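> Before we start, here is the structure in question, set down as structure tokens.
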């Protein structure tokens, strides 16, 4: 287990990284704003289940293969970008279909929200490769490095779940007004679609 000093430094660095809004925060926030806090929490669970997979990949060296292969990295990146664009287009189509409706459109089922969050994060190779470079800075060489990496990864999942859940709660409160009015709800769903498409395009363009 890392020393107390290392854990404090790791915790401080990780929280600074997490509180700065990035693609995951934007994704969770748009889901929460348009579908409510429960949808946001389910999305957070999906996102950080994928984080567990990424942590394991970094700990057992799978991420190194991804980092070393430009082709593999590009395939995963483009798959993730395409999935975000797909989700965005679905949201835009839903807003368009709801243009003549007086009642709320049915929310996305919980299992779909979970799977969406899981795939959105899993198919972001930047996160996977980031952990490969991040954890060694806080691991004591030659002293159960694998166990230390997995422990630090568990902390990342814990901290990320807390941080993203706070964003989900705040976004749900803001979105409450939007969800209560048909026109505003459709506008919010359209904004969600534009945001998701934008995240997909940004991911595809990122090197």
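The values are calculated or read from the model by the stated rules, or taken from the named source; none is laboratory data. Since the structure is predicted, the reported quantities are computational estimates derived from the model, not experimental observations. Here the Cβ positions follow ideal geometry from the backbone for every residue, glycine too, while neighbour counts run over all protein chains shown.
> Tally the residues that are within 23 Å of residue 76 (Cβ to Cβ) and surrounded by fewer than 13 Cβ atoms within 10 Å (Cβ to Cβ), restricting the search to segment 129-174.
1
> Would you check which residues across segment 19-30 are surrounded by 24 or more Cβ atoms within 10 Å (Cβ to Cβ) and either within 15 Å of residue 127 (Cα to Cα) or at pLDDT 90 or above (or both) and list them?
Correct list: 24, 27, 28.
> Quick test for you: out of 62, 75, 42, 85, pick the one residue that is within 23 Å of residue 156 (Cβ to Cβ) and either modelled with pLDDT of 75 or more or crowded, with 19+ Cβ neighbours inside 10 Å (or both).
When all the criteria are applied, what remains is 42.
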